[in-house]
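The values are calculated or read from the model by the stated rules, or taken from the named source; none is laboratory data. Quick caveat: nothing in here was measured; it's all calculated off a predicted structure. Counting neighbours? That spans all protein chains shown, and the Cβs are built from the backbone with ideal geometry, glycine included. With ligands, DNA and RNA removed, areas are computed over all heavy atoms of the protein, side chains included. Shrake-Rupley method; radii C 1.70, N 1.55, O 1.52, S 1.80 Å.
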Amino acid sequence: MSVLYFNNCWFTNIGEAFIDVGAMELLKQIFPDKKVVNFSHMNFMYSKFNNAAEEVLLNCYDMSEDFTGDYVVLAGMLATEGFADTDWITYKMLHKFVKRGAKLIFLGLGGEKYDDTECEKVKKVLDKLNPVLITTRDAATYKNYESVCNCMQAIDCAFWIKDTYYPKLDTAGEYDIVAYNRSKEPDIFGNGDWPKKIVRPFHFPYSFRENMKNMKQNFFLSDSPYDYLTLYANADCVYTDLVHATIPALQYAVPVQFKGVDGRAQVFDAVEAVYESGSFWKCNEEILEKQKKNIVSKTKSMIERM
């Protein structure tokens, strides 16, 4: 008995890795007696990103040809036009699993634009793939798809990172993290008057070349999500416009000043534990753990009733 987990694009966006690390832990809690195994389509995606010719793309190996499981699970920001339009994933991979009897589940599903065009495209894909369960990471996604599938409102899967990786040290140096990857960094951090060392994680390693000229002092780049998590866990404060810089920092009890730039910021409205303290966000650990346990329990119950 096995669960196949769709592993996403870490090198293009390290935040996807945070979702995957958390989702793998969440799956172990939901399915304690099942083997959880990763698969992906990234050989195709990176070939495509590198402008491979069509005949080259046809030579990409497809993991869905040789593997299957009782459940196939995807997590994160997949209620998007990009996902709906990616025939390689939706039909050439996922449809094969479903046809062979695997039950399809989406965990912590979220959108990108949250508009009618996106919603209608995603609904058509869900109708064809017929997932047995969707949990959502925000209320808007739940509202968009509750009439289409068996749906439950939950939170972003990255909130389970702490359960599997806790790198907080007593010996860490004093530094703040400044991570404005989607908008202009506020001038206050670059005027030379900031009282602490600033570390600047960049979450999109694949795009580094085109962003090189914008890199400031102490920028940080890695293909390992654990490097980033160690940085966030041991920072004094985090200042960012990134959802997936804010989520790990809050779990590790690091105050965050978050400036959302699009609808993805709605993920925090679903988290009962996040509260304001002055100009910062903080997280009540006890409330978060209670909400997470409740989500695991409800998810297990819904799956057992299928």
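Let me know the charge dipole size of the chain about its Cα centre in debye, to the nearest 20, where only the beta-carbon of Lys, Arg (+1) and Asp, Glu (-1) is charged.
Values: 35 positive and 42 negative charges, 108 e Å.
Approximately 520 debye in magnitude.
Using the Cα centre of region 186-298 as the reference point, and only Cβ charges (+1 on K/R, -1 on D/E), how large is the resulting charge dipole? Debye, rounded to the nearest 20.
Values: 13 positive and 14 negative charges, 37 e Å.
That gives a dipole near 180 debye.
Student exercise: in region 214-306, how many lysine pairs 8 or more apart or on different chains have Cα atoms under 23 Å apart? Provide the component values of the computation, followed by the final result.
On the way: Lys216/Lys259; Lys259/Lys282; Lys282/Lys290; Lys282/Lys292; Lys282/Lys293; Lys290/Lys298; Lys290/Lys300; Lys292/Lys300.
Taking region 214-306 as the scope, the lysine pair count is 8.
Gain in length, Glu289 to Asp269, computed as 0.36 nm per residue apart minus the alpha-carbon separation, to one decimal in nm?
On the way: separation 20, 0.36 × 20 = 7.20 nm, distance 1.63 nm.
Extending this stretch completely gives an extra 5.6 nm.
Taking the chain as the reference, fit the longest principal axis to its C-alpha atoms, fit the long axis of helix 116-129 to the helix C-alpha atoms, and give the angle between the two in degrees, 0 to 90, nearest 10.
The angle comes out near 40 degrees.
Enter the accessible area per residue of the chain (Å², integer; probe 1.4 Å; all protein chains in place). Write down the numbers at each step before the final one.
Numbers: 14460 Å² over 306 residues.
So the chain comes to 47 Å² accessible per residue, rounded to a whole number.
Taking θ = phi - 60°, what integer Hz values does the Karplus form 6.51 cos²θ - 1.76 cosθ + 1.60 yield along region 257-265, in sequence order, with x for Gly and Pro?
9, 10, 10, x, 10, 7, x, 5, 5
Give, as a single signed number, the net charge of other residues whose beta carbon lies under 14 Å from the beta carbon of Lys168, with Lys and Arg counted +1 and Asp and Glu -1. Can you show the working numbers first?
On the way: positive: Lys162; negative: Asp163, Asp170, Asp236, Glu285.
Summing Lys and Arg as +1 and Asp and Glu as -1 gives -3.
Please list, by residue number, every one of the chymotrypsin sites (Phe, Trp or Tyr not before Pro) in region 40-87 that is coil in DSSP and has at most 12 other beta-carbon atoms within 10 Å.
Numbers: sites: Phe44, Tyr46, Phe49, Tyr61, Phe67, Tyr71, Phe83; in loops: Tyr61, Phe67.
Within region 40-87, the qualifying chymotrypsin sites (Phe, Trp or Tyr not before Pro) (loop, at most 12 other Cβ atoms within 10 Å) are Tyr61.
Quote to one decimal, in nm, the extra length available between Lys128 and Asn43 on full extension: 0.36 nm per residue of separation minus the C-alpha distance between them. Can you show the working numbers first?
Values: separation 85, 0.36 × 85 = 30.60 nm, distance 2.47 nm.
Difference between extended and current length: 28.1 nm.
Identify the GluC sites (Glu not before Pro) of region 88-183 meeting these criteria: DSSP loop state and at most 11 other C-beta atoms within 10 Å of the C-beta. Kindly include the intermediate steps, with their values, before the conclusion.
Details: sites: Glu112, Glu118, Glu120, Glu146, Glu174; in loops: Glu112, Glu146, Glu174.
Of the GluC sites (Glu not before Pro), the ones in loops of region 88-183 whose Cβ has at most 11 other Cβ atoms within 10 Å are Glu174.
How would you order 150-158, 86-94, 15-23, 229-237 from highest to lowest mean count of nearby Cβ atoms within 10 Å?
15-23, 150-158, 229-237, 86-94
Say the dipole of region 102-246 comes from +1 at the beta carbon of Lys and Arg and -1 at that of Asp and Glu; which of Cys149, Pro201, Leu221 then lies farthest toward its positive end?
Toward the positive end, the furthest listed residue is Cys149.
Report the charge-dipole magnitude of region 16-71 in Debye, nearest 20, computed about the Cα centre from +1 at each Lys and Arg Cβ and -1 at each Asp and Glu Cβ. Walk me through the numbers on the way to the answer.
Working: 4 positive and 10 negative charges, 43 e Å.
Rounded to the nearest 20 debye, it is 200 debye.
Between Val261, Asn234, Met212, whose Cα lies farthest towards the positive end of the dipole of region 212-306 when Lys and Arg beta carbons carry +1 and Asp and Glu beta carbons carry -1, centred on the Cα centre?
Val261
For region 13-153, what's the relative contact order in percent, using C-alpha pairs closer than 8 Å and at least 6 residues apart? Spell out each step's value before the answer.
Details: 173 pairs, mean separation 27.9, N = 141.
Reported as a whole number, the value is 20 percent.
Please name which of Gly278, Phe67, Asn8 has its Cα lying farthest along the dipole of the chain towards the positive end, using unit charges on Cβ (Lys, Arg +1; Asp, Glu -1) and the Cα centre as origin.
Toward the positive end, the furthest listed residue is Phe67.
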